[in-house]
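What follows is a short report on a single structure.
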Amino acid sequence: MDRHKPARRTRREFLWTSLALPVVFGLTLGNRPKAMAQAPTLPPTPSCADKDDATPSQMEGPYYKRQSPQRTSLLEPGITGTKIVVTGSVLARDCQPIARALVDFWQADAQGVYDNTGYRLRGHQFTDEAGRYALETVVPGLYPGRTRHLHVKVQAPNQPVLTTQLYFPGESYNATDGLFNPHLLMTVQDTNDGKAAMFTFVLESQARRTRARSEQG
């Protein structure tokens, strides 16, 4: 990256500064979030010169289930806990948004328990034409050996699946969880009715991976 151009910021610096302002969200179960049309216009996506900040992968874990329902809100009767709205984008390495990318979430409930018989707190969606997603859910609870986290699979059309996990800043168990990766921390802030978080996924295309392997010999 050219360090002599002060106006040029990395993607991570951009996210931390742009999220300082609160955003009002309105989601409807199973539909494209209304917030995407109602929220204030965000600054344009920054140019990025980082060559090594594709989102890192992490293990799937034992609780993934295929064929989750398509929905943008995981809230339903009987689910308790602190509400959180997670928003962000799916980008290519050149910072171009990826439309219709699959984003599939699953998580523990507020008590740290996964639903392994049904699809509570599980759901997938597709990014809009600007590569954006929005998820309404609850803050997951803790369970032995793990810090607080969300599981997610992200896939650009006709590309490999990225399987990873998202983490919460300021959690004491981050220091003892062997899977924790600070590059997967969400930006989180308090809102009037819960929390708002943001994370941008950056995907590396199969063509780029193949080219990188050939260049390495």
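Every number in this text was worked out from the coordinates using simple rules, so none of it is lab data. Just so you know, these numbers come straight off a predicted model, no measurement behind them. Positions of Cβ are backbone-derived with ideal geometry, glycine not excepted, and every protein chain shown enters the neighbour counts.
For the residue pair Tyr173 and Thr82, what label-to-label distance in nm results when each label sits 7 Å from Cα along the Cα-to-beta-carbon direction?
So the label points at Tyr173 and Thr82 sit 1.4 nm apart.
At 7 Å along Cα-to-Cβ for each site, give me the label-to-label distance between Tyr143 and His183 in nm.
2.7
Gain in length, Gln96 to Gln67, computed as 0.36 nm per residue apart minus the alpha-carbon separation, to one decimal in nm? If you can, show how the numbers build up before the last one.
Values: separation 29, 0.36 × 29 = 10.44 nm, distance 2.81 nm.
Gain on extension, Gln96 to Gln67, equals 7.6 nm.
So what's the gap between the Cα centers of segment 177-205 and segment 112-175, to the nearest angstrom?
9
How do 158-164, 58-64, 199-205 rank on mean C-beta neighbours within 10 Å, highest first? Let's see the in-between values first.
Values: 158-164: 16.1, 58-64: 13.0, 199-205: 20.0.
Final packing ranking: 199-205, 158-164, 58-64.
Once you have the Cα-Cα distance between Ala130 and Val161, take 0.36 nm times their residue separation minus that, and quote the gain in nm to one decimal. Intermediate results must be reported in sequence, preceding the final value.
Values: separation 31, 0.36 × 31 = 11.16 nm, distance 1.96 nm.
Here the answer is 9.2 nm.
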